[in-house]
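Report on the structure given below.
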Amino acid sequence: MTDVAIIGAGPAGLTLANLLQRNGISCVVLEARDRSYVEERQRAGILDHYGSEIFAAAGLAEAVIAGAPREQFLELRYEGEPHLFDGPAHAGGRSGVLVPQQLLVRRLLTTFLAGGGDLRFATPVDRINIKENRMVYAGGELTASYIAGCDGFHGVSRRSIPAAALTTYSFDHGIGWYTVLADAPPPRHALMGISEHGFAAQFGRGPKASRFYLQYDLGAGDPREWPDDHTWDQLRLRLGDPALPTGPITDREIVEMRSFVTEPMAYANLFLAGDAAHIITPMGAKGMNLALADAGVLATALTAALHDGDDAALRSYSDTCLRRTWDYQEFSRWFTEMVHDAAAAEDPFRRRLAKARFDRLWTNPKAADWFADMMAGTALI
Ligand code: RFL
């Protein structure tokens, strides 16, 4: 028996585990995969300002964020014409920090284990008996006062809740993204290219590598089979840089541009956090940050319930998190349309709307402030 059982050692589960540990609450983390798999999984790259504040408030900033560079400029090239967006200048100095997800996870793991935390790798939960607050896994079971379902989109937690108790919303943006990792020098600033040929982006991954993204036509074959020359031609065209330095491609993946939200994010004593409750497109880089925000709210609410017998915050947990979730979903959709609709050849009206949206950022300081504020993340509750 433990106070809180946490299913999943991704960003949501590990953040929650560390925050509860700091608050003196007993918890056990059950993780399906082994340690090296969890530590190597590459995904997000930006911890937004609000995400980093969660760690700062818990006295974990040094352990988690130390040495991470701050996000400064975002370069948006419209048909090759550069526009430099100074986010921190528009957001009162607030900015994200560049912390690759695998580094964040590694640091959170190390900190939790160094504090004596109970984390069981290679322990996939097969079943949750919600009435009895009991989790069953191969070779054992665990009972807890509360269960945190931090097991991602394909996990067992959401599936354990009776379907009739949940409303789900899903949206397919109708856009494909092909992403490659290459040993090519990083751009000076995070870079996005908006063009009639399709969206492209380039982000640094350390001093010698870049991750590139290219919008591709769904239904026109698998871009992972494109010859490398074609990939580089498309990147040069869309980023408006005929001299773009290239390098060997070391990884090729396809990213789904999908959104999903489940409501409510709680059922009895089971609370969903992160991708278990919602997924969001990578535009705006909010997936991991939403997971951390949920974990922050849940840690505070569980602490109040377990230390003070006050469950008001737990009862409003779902509403609190859903407000931010929908706010970020809207932002992500807004951003997605702005950078992809320039390529909507079949729909000139949408192309003009996207251009108006883009122009507003450079002509209306309030619009620029709002954009920067969303990028930095919001403490909105
Ligand atoms: P995770 O990271 O999926 O972790 C869930 C953990 O639960 C474990 N698990 C189980 N454990 C026990 N029993 C079971 N039955 C279990 N079932 C699953 C899994 O092994 C895993 O360890 O969910 P979490 O913690 O909610 O974190 C969410 C983030 O990982 C996710 O939102 C982001 O990675 C999304 N995302 C991005 N977010 C950003 O903020 N910025 C980005 O730039 C960004 N880029 C991305 C992304 C996600 C991507 N993919 C592949 C989904 C790029 C990609 C390619």
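Give me the pairs: first residue in segment 256-277 and at positive phi, second residue more than 11 Å from the ligand (Cβ to nearest atom) and not in a strand (DSSP E or B), beta-carbon distance under 6 Å, and six or more apart or on different chains, which are they?
Pairs that qualify, where the first residue is at positive phi and the partner is more than 11 Å from the ligand (Cβ to nearest atom) and not in a strand (DSSP E or B), are Ala268/Ile130.
For segment 76-98, which positions are open to solvent by 30 Å² or more (accessible area, probe 1.4 Å) and within 13 Å of the ligand (Cβ to nearest atom)?
Within segment 76-98, Leu98 is the sole residue that qualifies.
What are the pairs with Cβ atoms under 7 angstrom where one residue, in segment 282-299, is within 30 Å of Met338 (Cα to Cα) and more than 6 Å from the ligand (Cβ to nearest atom) and the other, located anywhere, is part of a loop (DSSP other than H, G, I, E, B) and open to solvent by 10 Å² or more (accessible area, probe 1.4 Å)? Sequence gap at least six, or different chains.
Filtered contacts from segment 282-299: Leu290/Ile280.
Does any residue in segment 225-251 that is in contact (Cβ under 8 Å) with a residue 24 or more places away in the chain come within less than 6 Å, Cβ to Cβ, of a residue that is surrounded by 18 or more Cβ atoms within 10 Å (Cβ to Cβ) and of a type in the set (Lys, Arg) six or more places away or on a different chain, and which pairs are these?
Correct list of pairs: Gly240/Arg77.
Out of all the residues in segment 207-235, which are modelled with pLDDT of 95 or more, of a type in the set (A, V, I, L, M, F, W, C) and not in a loop (DSSP other than H, G, I, E, B)?
Within segment 207-235, Phe212, Leu214, Trp232, Leu235 meet the criteria.
If you check Asp341 against the conditions, is it farther than 29 Å from Ala299 by Cβ and of a type in the set (Asp, Glu)?
Yes.
I'd like to verify a number: residues in segment 126-151 that are among the β-branched types (Val, Ile, Thr), within 21 Å of Leu298 (Cα to Cα) and within 14 Å of the ligand (Cβ to nearest atom), how many?
Residues flagged as among the β-branched types (Val, Ile, Thr), within 21 Å of Leu298 (Cα to Cα) and within 14 Å of the ligand (Cβ to nearest atom) within segment 126-151 amount to 2.
Mind listing whichever residues of segment 99-120 are within 14 Å of the ligand (Cβ to nearest atom), out of contact with any strand residue (DSSP E or B) (no Cβ under 6 Å at 6 or more places or on another chain) and within 18 Å of Gly45 (Cβ to Cβ)?
Across segment 99-120, the qualifying residues are Pro100, Gln101, Gln102, Leu103, Leu104, Val105, Arg106, Leu108.
Is there a residue being open to solvent by less than 20 Å² (accessible area, probe 1.4 Å), assigned to a strand (DSSP E or B) and over 21 Å from Ile280 (Cβ atoms) anywhere in segment 155-178?
No, segment 155-178 contains no residue that is open to solvent by less than 20 Å² (accessible area, probe 1.4 Å), assigned to a strand (DSSP E or B) and over 21 Å from Ile280 (Cβ atoms).
Determine whether Arg238 is outside any strand (DSSP E or B) and surrounded by 13 or more Cβ atoms within 10 Å (Cβ to Cβ).
Judged against the criteria, Arg238 is a match.
So Tyr328 ticks every box in (1) out of contact with any Leu (no Cβ under 7 Å at 6 or more places or on another chain); (2) within 13 Å of the ligand (Cβ to nearest atom); (3) of a type outside the set (D, E, K, R) but one. Which box is left unticked?
Among (1) out of contact with any Leu (no Cβ under 7 Å at 6 or more places or on another chain); (2) within 13 Å of the ligand (Cβ to nearest atom); (3) of a type outside the set (D, E, K, R), the lone unmet condition for Tyr328 is (1).
Could you check, for segment 300-309, whether at least one of its residues is free of Cβ contacts under 8 Å to residues at least 40 places away in the same chain, more than 10 Å from the ligand (Cβ to nearest atom) and part of a loop (DSSP other than H, G, I, E, B)?
yes
Got a sec? Which of Pro365, Pro348 is under 17 Å from Gly198 (Cα atoms), open to solvent by 20 Å² or more (accessible area, probe 1.4 Å) and not basic (Lys, Arg)? It would help to see each step written out before you state the result.
Details: Pro365 fails: under 17 Å from Gly198 (Cα atoms).
Every option except Pro348 fails the conditions.
For segment 16-64, give me each residue that is more than 24 Å from Thr123 (Cβ to Cβ) and within 14 Å of the ligand (Cβ to nearest atom).
Ala44, Gly45, Ile46, Leu47, Asp48, His49, Tyr50, Gly51, Ser52, Ile54
This table checks each residue for (1) within 16 Å of the ligand (Cβ to nearest atom); (2) in contact with a Leu (Cβ under 8 Å, 6 or more places away or on another chain).
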| site | (1), (2) |
| --- | --- |
| Asp229 | no, no |
| Trp232 | no, yes |
| Arg236 | no, yes |
| Thr250 | yes, yes |
| Ala268 | no, no |
| Ala277 | yes, no |
| Thr320 | no, no |
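The values are calculated or read from the model by the stated rules, or taken from the named source; none is laboratory data. In this text the structure is predicted, and so the values were computed from the model without any measurement. Cβ: placed from backbone, ideal geometry, glycine included. Neighbour counts: every protein chain shown. The accessibility values were calculated without ligands, DNA or RNA, using every heavy atom of the protein model including side chains. Shrake-Rupley method; radii C 1.70, N 1.55, O 1.52, S 1.80 Å.
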